[in-house]
Amino acid sequence: MIRSKLNLSLPTNWLSWISLSLLVKFLILFFFYTAFYSSIHPPGWMGLANVNADFDDFYLPVYHFIHHGISEYVSGSGLPYAGRFPGFAVPTYFFLLALPESIAIQGIVLLQLIYSVVATYLLARLVYKITGSLGLFLLTLLIFVVFPVFLQFEITFHPDSYTNSAFITALYFGYNYSRERKKQSLFFCGLFFTWALLMRPYLLPYLFAFGGISALWMWKEKKFVFAICATLFVFFSPFLAFETFWITRNYRAYHQVIPLVLVYEHTANRMTPAFPNTTSYPVEKLRELISSWGGDNVWYQRGGEMNWFMRMSDTEANQFRLPPRIFTTAYNLDSLKLLRIRMHRIEQPDISPEELARTESQVIRSTEKFTQTYRTEHWVWYRFASPFLRIKNLIFRNPVQDWPGPSFANSGMVYKAYKICSAGCYLLISIFVFPACVCLIRKYKKLTLFEASVLGCFVALLVEFAYLINLSHLTYFFTGYIAAYLLILLAWKQCILRSTTPASDRGNV
């Protein structure tokens with residue numbers, strides 16, 4: 001009777017599966033809220049929406065655009081905000097335009113919840129298309145509906161949930177293109193990849209990984225150069241259209257070419273209209289120093305080096321032990337303690353502009369000198385060991401430690417079990433993806449366009465955070481986690497089942 005009503009006989013019955021997944025998601029959120037909501041107080045929450053420290057970055061430019069006609073961060077500055085890509089502004093703009101602010105914020109979070117469920121269904125359908133296994137279809141729904149490690153961001157006013165959903169949607173259309181070679185699927189693949197990177201710019205390599213691998217596959221298929229260029233234009237056209245607008249808009253305001261986002265300025269004024277952010281250029285230089293030896297460079301990550309420099313109390317700092325291998329002839333423990341004192345001084349509200357400028361200059365000079373000497377004197381560690389440590393810092397963290405509410409020790413048994421299951425799913429996928437990548441790389445001649453593209457995206461993300469980006473918080477690995485899950489299934493299909501033919505698509509959404 002129930003099966004007949006819900007019509008769950010096949011994964012192609014999208015309405016039934018999405019409805020059931022939404023019901024399960026809301027039941028989970030009900031228990032999730034009850035586990036912590038009593039301990040949360042404003043301004044941390046607006047109704048059922050979590051509001052974190054990045055709220056102003058995403059909200060104020062849209063609010064000022066609606067009310068003042070310019071997407072500025074600081075009201076009256078006359079400078080459009082370029083510190084973030086405007087991808088999250090898309091849903092924010094329409095909700096704020098149509099509804100009162102408090103209701104609009106709830107609507108944005110509710111929409112991202114619904115979209116996350118729809119995207120999870122698309123991911124499960126994608127798995128079913130690849131493997132033909134109903135069991136793996138259900139396993140995908142279980143992991144990403146019931147135990148998503150990014151659950152807190154599905155109820156947070158933040159672009160991570162929309163980013164994950166857009167990434168899944170792009171992969172879904174990318175798979176359709178790899179099977180059918182239809183330009184329409186390729187265009188939507190490029191569109192959703194573009195939207196994802198407009199919310200999180202570090203995803204830019206995904207766009208070029210998929211486009212580059214598609215071009216390589218067409219070259220292997222003996223396509224004409226003109227056909228390859230025309231196909232790539234279809235894929236990149238959403239990104240090119242946005243960049244044309246973005247660069248023109250920023251050049252008019254700042255008189256400089258800004259293709260991505262405005263980087264940290266060499267200025268002591270941390271609240272300039274150009275980049276009003278509490279993370280200043282000295283903070284970025286300190287992060288660069290810590291990254292050179294492979295340390296933890298997220299300031300709010302307790303127990304890490306960046307936290308020691310910026311947020312630890314003196315009592316905790318005295319008990320903290322920096323590894324002896326990080327020291328050089330240019331600095332020792334006392335030198336880093338002095339640097340820590342200066343970083344704390346920069347953060348004090350009573351500091352004068354003159355002292356702020358002087359102290360920040362001292363920090364910049366010191367960190368640049370320390371970084372250079374470390375790279376010179378410990379070049380083997382810097383070149384070969386530090387990149388792996390940065391990848392470790394990106395991936396191997398406790399994914400539920402920042403969840404709202406009481407700590408694990410003070411949680412009830414149900415909440416503890418839920419955290420353990422969520423963390424367990426994350427840990428298993430994060431571990432098994434590396435042998436899966438080795439398996440797929442060894443079979444590179446037999447990979448399909450889609451398999452090679454997912455592998456290319458995952459590898460591009462790791463290389464980017466190992467060598468190019470100093471900040472490596474867990475949230476930056478969310479799309480990598482999704483790709484890792486697919487890679488494990490693709491490797492299982494290639495290396496264990498020894499199948500190179502994609503499973504038949506048993507119906508269309």
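The set of residues in the stretch 181-210 that are open to solvent by less than 10 Å² (accessible area, probe 1.4 Å), more than 16 Å from Leu447 (Cα to Cα) and within 21 Å of the chain's Cα centre (by Cα) comprises Cys189, Gly190, Phe193, Thr194, Ala196, Leu197, Met199, Leu203, Tyr206, Leu207. When the stretch 6-43 is filtered for residues that are modelled with pLDDT of 80 or more, surrounded by fewer than 16 Cβ atoms within 10 Å (Cβ to Cβ), within 26 Å of Tyr418 (Cα to Cα) and among the hydrophobic types (A, V, I, L, M, F, W, C), the ones remaining, listed by number, are Leu23, Val24, Phe26, Leu27, Leu29, Phe30, Phe31.
Right, Gln401: surrounded by fewer than 17 Cβ atoms within 10 Å (Cβ to Cβ), under 21 Å from Ser313 (Cα atoms) and free of Cβ contacts under 8 Å to residues at least 40 places away in the same chain or not? Yes; evaluated as a whole, the condition is true for this residue. Asp402 satisfies every condition listed in (1) part of a helix (DSSP H, G or I); (2) under 32 Å from the mean Cα position of the chain (by Cα); (3) charged (D, E, K, R) except (1). From the list Tyr418, Tyr374, exactly one residue is in contact (Cβ under 8 Å) with a residue 60 or more places away in the chain, open to solvent by less than 70 Å² (accessible area, probe 1.4 Å) and farther than 20 Å from Asn470 by Cα. Which is it? Every option except Tyr418 fails the conditions.
Screening Ser504, Ser430, Ser411, Ser472 for residues that are modelled with pLDDT under 95 and open to solvent by less than 10 Å² (accessible area, probe 1.4 Å) leaves exactly one candidate, Ser472. Identify, please: which residue in the stretch 129-161 is open to solvent by less than 10 Å² (accessible area, probe 1.4 Å) and aromatic (Phe, Trp, Tyr) and is, among those, modelled with the lowest pLDDT? Within the stretch 129-161, the match that is modelled with the lowest pLDDT is Phe157.
Search the stretch 316-353 for residues being open to solvent by less than 30 Å² (accessible area, probe 1.4 Å) and part of a loop (DSSP other than H, G, I, E, B), and hand back the single one that is farthest from Gly294 (Cα to Cα). Outline the logic, then answer.
Restricting attention to the stretch 316-353, the residues satisfying the condition of being open to solvent by less than 30 Å² (accessible area, probe 1.4 Å) are 317, 322, 326, 328, 330-331, 336, 339-340, 343, 346, 351.
Next, only the ones that are part of a loop (DSSP other than H, G, I, E, B) stay: 322, 330, 351.
Numbers: Leu322: 12, Ala330: 18, Ile351: 32 Å.
My answer is Ile351.
Could you go through the stretch 405-413 and let me know if any residue there is in a helix (DSSP H, G or I) and farther than 22 Å from Thr156 by Cβ. Before the answer, list the steps.
First, pick out the residues of the stretch 405-413 that are in a helix (DSSP H, G or I): 413.
If we keep only those that are farther than 22 Å from Thr156 by Cβ too, we end up with 413.
Yes, the stretch 405-413 contains at least one residue that is in a helix (DSSP H, G or I) and farther than 22 Å from Thr156 by Cβ.
The values are calculated or read from the model by the stated rules, or taken from the named source; none is laboratory data. These figures come from a predicted structure and were not determined experimentally. Cβ sites come from the backbone with ideal geometry, for glycine too, and all protein chains shown count toward neighbours. SASA here: full protein model, heavy atoms, side chains in, ligands and nucleic acids out. Shrake-Rupley method; radii C 1.70, N 1.55, O 1.52, S 1.80 Å.
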